[in-house]
Structures are given as structure tokens and as C-alpha cells.
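The values are calculated or read from the model by the stated rules, or taken from the named source; none is laboratory data. A quick note: this is a predicted structure, and the numbers were derived from the prediction, not measured. Cβ sites come from the backbone with ideal geometry, for glycine too, and all protein chains shown count toward neighbours.
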């Protein structure tokens, strides 16, 4: 299964070392994509993630590196032409790049942000929906 992975999924996986979200990321059945911007988002919330996860700096770097090894980061230039269309669809201005990438690759977005489901153009799957869909 190919999916666009949203930052809230990565943050959830970093905070909960033993959660289902992290397990799903490492399933071999998944090909995950994200805009390169994802690295900036994770860096932006780094101190909050470290605090909530009780990870030290080195463990955070290792966990981030492992998770990012499963995600293909896509340069902005590859979906830039769809930003305008994404702005018209995306209910959250912080997720426009994810929507543009989803339009570009014609893939659903994996996100637990319920607001993103307030549109009908891009399929948005929550972690629970993925678990059900995969029969896990």
C-alpha cells in the first residue's frame, strides 16, 4: 500500500515507542511518501516530542532516523504545480504540501487529523482505519 504520511503520524510514532502507529510504519506492505517539509515539522516540534516521549537527544535522533528510513521524502519542486489546487481543497493550511503531494501521486493521506476529512477530493485514512483495512 502506498500512502502520504502526515507529520502527526510521525510525531505519534516518536512519542509512543510501542504504539500501533510505529508498528504500521515498519510494515513491509507500506511505501510511505512525504514532502521534504516533514523534516522541518519534526524539528519544529523536537523539544515537545522529546519531553512527551522521555527520549534523550541521542535516542530522538536514532528514532527519527529509523522512521525516516521508511519514508521517501519528495522535493517541493515535484508537486509545486499543485499547491494552488491543494489550497482550495485542504481544510488545514499547515497541510497544503501533503495535499499537493497526494494530488501529484494520486495517493491517500495517512493522518489522524480529523479536520482533513472535511473534504472529498483526497482520501484520508486514520491509523484505526488502516488497522481495520489491513485486518490487524
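For the subset of region 106-136 comprising residues that are in a loop (DSSP other than H, G, I, E, B) and either farther than 15 Å from residue 4 by Cα or without any contact (Cβ under 8 Å) to a residue 24 or more places away in the chain (or both), which member is nearest to the chain's Cα centre (by Cα)?
Filtering first and then ranking leaves 126.
Could you please tell me which pairs satisfy a Cβ distance under 9 Å, a separation of 6+ or placement on different chains, a first residue in region 12-33 that is more than 15 Å from residue 54 (Cα to Cα), and a second residue that is exposed (fewer than 13 other Cβ atoms within 10 Å of the Cβ) and at pLDDT below 90?
That search, which allows pairs on different chains as well, returns 20/136; 23/136; 24/134; 24/136; 27/134; 27/136; 29/134.
Take the residues in region 75-100 that are assigned to a loop (DSSP other than H, G, I, E, B) and touching a strand residue (DSSP E or B) at 6+ places or on another chain (Cβ under 9 Å), then tell me which one is surrounded by the fewest Cβ atoms within 10 Å (Cβ to Cβ).
Looking at the filtered set, the residue picked out is 75.
Please pick out the residue among 55, 103 that is more than 14 Å from the chain's Cα centre (by Cα), assigned to a loop (DSSP other than H, G, I, E, B) and either without any contact (Cβ under 8 Å) to a residue 40 or more places away in the chain or more than 23 Å from residue 2 (Cβ to Cβ) (or both).
55
Taking only region 6-20 into account, find how many residues are surrounded by fewer than 24 Cβ atoms within 10 Å (Cβ to Cβ) and over 16 Å from residue 43 (Cβ atoms).
Number of matching residues: 6.
Could we say that residue 32 is part of a helix (DSSP H, G or I), touching a strand residue (DSSP E or B) at 6+ places or on another chain (Cβ under 7 Å) and buried (at least 17 other Cβ atoms within 10 Å of the Cβ) here?
no
Given (1) without any contact (Cβ under 8 Å) to a residue 60 or more places away in the chain; (2) buried (at least 16 other Cβ atoms within 10 Å of the Cβ), where does residue 72 come up short, assuming only one miss?
Among (1) without any contact (Cβ under 8 Å) to a residue 60 or more places away in the chain; (2) buried (at least 16 other Cβ atoms within 10 Å of the Cβ), the lone unmet condition for residue 72 is (2).
Since residue 67 meets every condition but one in (1) under 17 Å from residue 36 (Cβ atoms); (2) modelled with pLDDT of 95 or more, which condition does it not meet?
(2)
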